[in-house]
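Worksheet: one structure, shown below.
The values are calculated or read from the model by the stated rules, or taken from the named source; none is laboratory data. No experiment lies behind these values; they were computed from the predicted model shown. A quick note on method: Cβ atoms are made from the backbone with ideal geometry, for glycine too, and the neighbour counts reach across all protein chains shown. Ligands, DNA and RNA are excluded from the accessible area calculation, which covers all protein heavy atoms including side chains. Shrake-Rupley method; radii C 1.70, N 1.55, O 1.52, S 1.80 Å.
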Amino acid sequence: CYEGDDNGETRLTGVKSFVRVSPSFDVITNTQTVSLLLSLDSGHSKMDKEKENDIYGNMTDATKSILWKQCFEFLEQELFQKFNGEAKVQDAIKLVDLIFSFTKQVMRVGDDSQCQFFFRRSSFTLMICAFFNLASMNINLSKKESNEDILSVAKSIHGHLQSGKSFLLVPYKVRVIMSSRFFSLLSDYVGTIKRDTGRESRIDFVVEECFYLQRGIKALEKNGAILIHKGNLINDRENDCDGLSPLLFSMKVCEKMHKDRSRCIQNEEDKSNGKYMSALLCLISSLSLQLLHPGEPTHMNERLDSEDTDEEDEIDDVFDEVYDMISDLSEVASSLVGTSEEDDGDNPLSSLAVTCVDILSSSIGGISLNQSVYRSGGSKLIRDCVQMTWGSFLTTAINELPGKRAALDEEVLSVLLNSVCSPRALSDTTSDGNQDVEMNDSRSDDESMDDDLKQFNPSGLNDDDMENDESSNQDKQVEEIEEEIELDPVSLENLLLQDSDNDESVEGNTLEHHSGADSALASLIRMKQEARKAGQNKREKVELANRMRCFPLLDTVFASNRNNILSNQIILMTIIPLLRSRTILLKSLNSVSTSMSGKKCSSMAEKRVLLDRTSSFLENRVCKLKLDGMANYDACVTLSKQIMHELKSGGNIDHSKCCSSLLIFVVKAVAGGKSENCAPLVDLIYAEAVEEWSQKKNTKVQSLIFDDLINKQHSIAKTTLVEHILRASKEARSSYLRSESFRMLASLYNMTKDDGVDIKGVLKKNSIEFAISIGQALDDDEMTKVKRIRDVLKATEKLVDFVRNDNDEESRNSIVNIASQIQHVVDDSSSPAVKAIGEKLVKDIEIMQKEALYTTSGKAEKESESSKTSKKKKKGKKKKGKKK
């Protein structure tokens with residue numbers, strides 16, 4: 001039925017019919033009818049493209065553009081007509097969602113010009129309806145205006161509101177939804193920019209679009225439109241901001257920065273400052289739009305069901321918070337271009353880091369206890385702009401201004417570590433062997449309240465017994481107590497007194513104790529305790545989420561270390577705070593999982609996510625950095641001891657792996673490419689670790705830290721670990737640990753082409769002791785069991801191969817001495833695998849003996865032949881002398 005529909009009129013007619021039936025037609029019918037008629041989901045449908053084209057036809061790009069514009073105008077008109085009357089509010093909200101969805105689909109499938117047109121048109125509609133009162137607006141479009149597009153939309157809205165006599169104000173519920181969709185649309189539009197376009201292009205894009213919206217706001221106010229909520233006026237005469245609203249102040253700052261930015265870009269010697277200004281302007285522009293607010297409901301029946309009544313009192317506080325952030329960023333910009341009156345020598349990069357952390361930890365860019373509904377999409381926009389600004393600022397500071405004030409120093413890193421680490425992780429706690437669990441500082445308070453509950457328990461039973469007793473025998477009394485909890489204080493007092501004035505049996509007018517008050521007060525205290533715990537969990541959840549949001553700032557610093565601009569000191573100072581935070585989170589999770597109230601903890605998921613994020617950063621960012629190997633030795637010794645302390649505090653395999661990776665990283669920090677440089681440090685770290693692992697029963701040191709060193713730093717491990725592991729193979733407290741020692745010795749005696757003379761010398765020196773240890777294991781009944789003997793035999797194979805290649809007589813004799821023990825194990829074992837390995841070993845030892853005998857006899861023959869030839873030569877010389 002769409003054949004010959006070159007201009008899309010038939011399609012538009014169908015779309016109008018479906019939308020008038022229900023704005024949520026596609027959702028209700030679970031189809032894509034409207035979207036496919038508009039060619040918005042082409043290629044995203046479940047139908048094959050050929051079948052889709054057969055049903056809906058094919059349209060040219062020009063026809064699509066015309067159809068989309070006509071459809072958008074139709075949706076706008078339908079929306080404006082729904083502003084009047086309470087019964088039409090829900091339909092208006094559905095149309096707002098349809099316009100939002102339509103614009104997002106166009107941004108996904110349209111070209112750049114179409115995306116820009118529909119974004120601006122849709123954002124104008126949402127912004128005007130959500131944030132402005134058009135009662136005093138007077139627009140004359142006959143005059144040439146630079147912002148004619150937004151004024152034409154405002155005039156159309158003004159006409160519909162005026163005809164409906166609705167005081168030229170969109171209903172509050174609709175304003176809140178339109179505000180939320182405005183910020184979400186702006187965030188999605190910024191997200192449509194491809195990552196491969198470059199950070200600077202994305203920043204310029206955000207600056208351009210935000211500045212375009214700001215100019216639209218100024219044009220609306222110039223023509224009589226009034227912001228519904230302006231916030232508290234600024235009282236700052238020194239900066240010429242006295243009497244301005246926060247929004248006007250931010251727009252004034254943006255205009256000034258635009259001029260400074262243009263001036264810096266035009267100056268060849270000041271282009272780096274131009275990049276700084278672009279980055280800061282991106283963030284300030286996005287923050288300024290957060291000062292738009294849909295206002296408060298004019299009638300009580302307009303309040304949202306989920307709206308917190310305290311939110312209205314916090315609106316001005318949020319505005320003041322945004323004003324402070326913009327002021328701080330403005331000071332950073334002024335210090336860069338040299339216009340700041342107070343130049344105290346601060347590092348601009350540090351100031352920006354503080355502001356970025358504050359933004360991400362606030363309700364604007366993060367999560368707060370009372371999250372605003374009207375800005376549900378604004379936080380994502382702010383976070384994206386913070387990341388772009390920080391990345392661009394950091395790159396410029398690193399690459400283009402070496403030696404200038406904008407430097408990546410310890411102060412900057414301290415700010416970032418404070419934002420992502422637990423406060424307790426930043427203090428020196430290595431001397432305290434028993435760290436408390438994070439966020440459980442109130443445990444003592446909870447226990448004291450539990451004691452109070454026991455005091456109010458008349459039977460002296462614990463909570464579980466009391467609950468069981470009540471549930472079985474006093475169900476009716478429990479219901480009465482629950483009702484008594486809602487009594488006012490006067491009723492509760494009367495319950496406690498129980499007419500004591502009329503009771504003659506009470507001496508001296510003393511208060512008689514009422515048994516029913518005990519359970520009532522116990523329930524009241526329990527309710528108070530649960531409410532306090534719920535608030536604590538909510539605050540904890542917010543704190544964890546904000547720490548997680550600040551992690552990309554730290555990650556960007558280490559991702560930008562392509563030119564090795566981070567010093568050893570800066571890199572190494574990040575390890576302990578992050579590792580301690582990981583330990584605290586791990587302890588907290590373990591404590592919650594083992595406690596009775598673990599299921600009630602609402603922040604376990606956030607703790608796991610932050611734990612994984614911290615581990616990933618340490619292992620994939622920090623440990624993979626390339627160091628120059630010239631780190632301070634004493635500092636690395638201290639650092640390694642602290643890492644070992646955290647390793648012993650964890651008790652988790654993943655935690656041990658993370659600590660092991662960090663230990664190897666510290667070893668490389670002093671190696672400088674030479675194993676002899678780090679040998680003392682490795683011996684200091686791992687000698688004590690091997691001893692504790694092999695001797696201490698309740699140790700949390702695991703063999704994987706030695707395996708990591710063997711696999712990742714093979715040459716260093718061979719020169720330092722062999723002697724300690726060999727001792728453990730003899731003296732370990734269990735057969736399992738001895739078996740693990742032989743497994744690691746097999747890896748250490750696995751020769752490679754890169755092994756030098758010094759490594760071979762260390763292995764040769766310990767080969768005899770190795771053979772003795774094998775002999776002791778072969779005489780041990782526990783070690784000759786199938787699950788243990790295989791590691792012993794595999795280690796013997798490696799030792800035999802090494803001795804055959806080295807051809808040392810003493811080592812060879814020590815192996816020959818254990819051949820009979822191996823044969824005895826083969827004869828007694830019932831395992832085919834053990835028999836096969838043992839028989840092969842016996843044959844290899846016999847071959848080694850024959851090779852040694854052959855080599856010895858060959859040498860003897862050569863020596864005898866050489867002696868014979870030398871004698872003949874001497875005789876020949878004597879004969880020649882006699883002839884003469």
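In this structure segment 684-755 gives 43 Å² per residue of accessible area when probed at 1.4 Å with all protein chains present. Counting only protein heavy atoms and a probe of 1.4 Å, the accessible surface of segment 81-130 is 46% carbon and sulfur.
Could you rank the peptides 289-297, 763-771, 533-541 by their average count of other C-beta atoms within 10 Å per residue, with the highest value first?
So the peptides 289-297, 763-771, 533-541, ranked by packing, come out 289-297, 763-771, 533-541.
Taking all protein chains together and rolling a 1.4 Å probe, Asp320 ends up with roughly 60 Å² accessible.
For segment 774-788, backbone phi angles converted through the Karplus equation (6.51, -1.76, 1.60; θ = phi - 60°) give residue-by-residue couplings of 5, x, 5, 5, 5, 8, 8, 5, 5, 6, 8, 5, 4, 6, 10 Hz, Gly and Pro being listed as x. Checked against a 20 Å cut-off, the cross-linked pairs Lys69/Lys173; Lys730/Lys787; Lys718/Lys760 give Cα-Cα distances beyond that limit for Lys69/Lys173. Distant-in-sequence amide contacts of Phe132, defined by a placed amide H-H separation under 5 Å and a gap of 5 or more residues or a different chain, comprise Ile228.
Here the Karplus relation 6.51 cos²θ - 1.76 cosθ + 1.60, evaluated at θ = phi - 60°, turns the backbone of segment 88-98 into coupling constants of 9, 5, 5, 5, 5, 5, 5, 5, 4, 5, 5 Hz, with x for every Gly and Pro. Annotation: peptides 718-724, 519-525, 739-745, 823-829, ranked by per-residue average of other Cβ atoms within 10 Å with the highest first, follow the order 739-745, 718-724, 519-525, 823-829. Backbone phi angles across segment 703-718, fed through the Karplus curve with coefficients 6.51, -1.76 and 1.60 (θ = phi - 60°), yield HN-Hα couplings of 5, 5, 5, 6, 4, 4, 5, 5, 7, 9, 10, 4, 5, 5, 5, 5 Hz in residue order; Gly and Pro are listed as x.
Here the convex hull built on the C-alpha positions of segment 601-751 has a volume of 119 cubic angstrom per residue. Computed with a 1.4 Å probe over protein heavy atoms only, the accessible surface of segment 766-842 comes to 47 Å² per residue. Where a ≥ b ≥ c are the square roots of the eigenvalues of the C-alpha gyration tensor, would you call segment 517-561 rounded, which needs a/c under 1.5, or, failing that, prolate if a/b is larger than b/c, or oblate? Prolate shape, in that a/c is at least 1.5 and a/b is the bigger ratio. Remark: for residue pairs Lys252/Lys380; Lys668/Lys794; Lys607/Lys657, the C-alpha separation exceeds 21 Å in Lys252/Lys380; Lys668/Lys794. Each peptide in 747-756, 253-262 gets a packing score, the mean of other Cβ atoms within 10 Å over its residues, and the list from highest to lowest is 253-262, 747-756.
Local charge sum around Lys657 (other residues, Cβ-Cβ under 14 Å, Lys/Arg +1, Asp/Glu -1)? So the surrounding residues net to -3.
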